[in-house]
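Notes follow the structure.
The values are calculated or read from the model by the stated rules, or taken from the named source; none is laboratory data. Here the structure is a predicted model, which is why all the values come from computation and not from measurement. Don't worry about glycine lacking a Cβ; one is built from the backbone with ideal geometry, like all the others, and counts go over all protein chains shown.
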Amino acid sequence: MIQNYYQTPQALYQSMTPAQQWAMNRSFLDDAIATGGPFQLATPINEIWPGSFYKSEEDYLLIKGCVFSSDGTQLISPRWGSK
C-alpha cells in the first residue's frame, strides 16, 4: 500500500506565514493525489473542527475528487479507485 507522510521541520514550518504553510501543504496533497494512495485520517470525520487547518485539508481533498472510505477512516484518491 502506498503511504505518504507530510513532515516539515518544526522551526521551518513555524517561520512560515499561514499562506505559505497552506501552499506547501497543498503541494504535498496534490503530489499524494497523483501518487494515488489513500489518505489515512488522523482524526475521525465527526471530530474535525469547522474552520481548522485540518478541515481545509479535508475540503481540498474532496474538491479534488477524493471520497470517504465506507468506514470513514480514509479519504480515497480518485486514482486509488482505479487500481
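Identify, from the list ARG26, ARG79, the residue that is in contact with a helix residue (DSSP H, G or I) (Cβ under 8 Å, 6 or more places away or on another chain) and modelled with pLDDT under 90.
ARG79
Go through the range 50-72 and report how many residues are exposed (fewer than 13 other Cβ atoms within 10 Å of the Cβ) and of a type in the set (A, V, I, L, M, F, W, C).
Number of matching residues: 3.
Out of (1) under 13 Å from ARG79 (Cβ atoms); (2) surrounded by 13 or more Cβ atoms within 10 Å (Cβ to Cβ); (3) of a type in the set (D, E, K, R), the odd one out for ASP31 is which?
That leaves (2) as the condition not met.
Could you give me the residue pairs with C-beta distances under 6 Å whose first residue belongs to the range 18-46 and is polar (S, T, N, Q), whose second residue is part of a strand (DSSP E or B) wherever it lies, and which are 6+ apart or on separate chains?
Cβ pairs passing all conditions: GLN40/GLN74.
Output the residues belonging to the range 72-83 that are in a loop (DSSP other than H, G, I, E, B) and either among the aliphatic types (A, V, I, L, M) or in contact with a strand residue (DSSP E or B) (Cβ under 9 Å, 6 or more places away or on another chain) (or both).
THR73, SER77, PRO78
Can you find, within the range 1-23, the residue that is modelled with the highest pLDDT among those that are among the aliphatic types (A, V, I, L, M) and closer than 17 Å to LYS64 by Cβ?
ALA23
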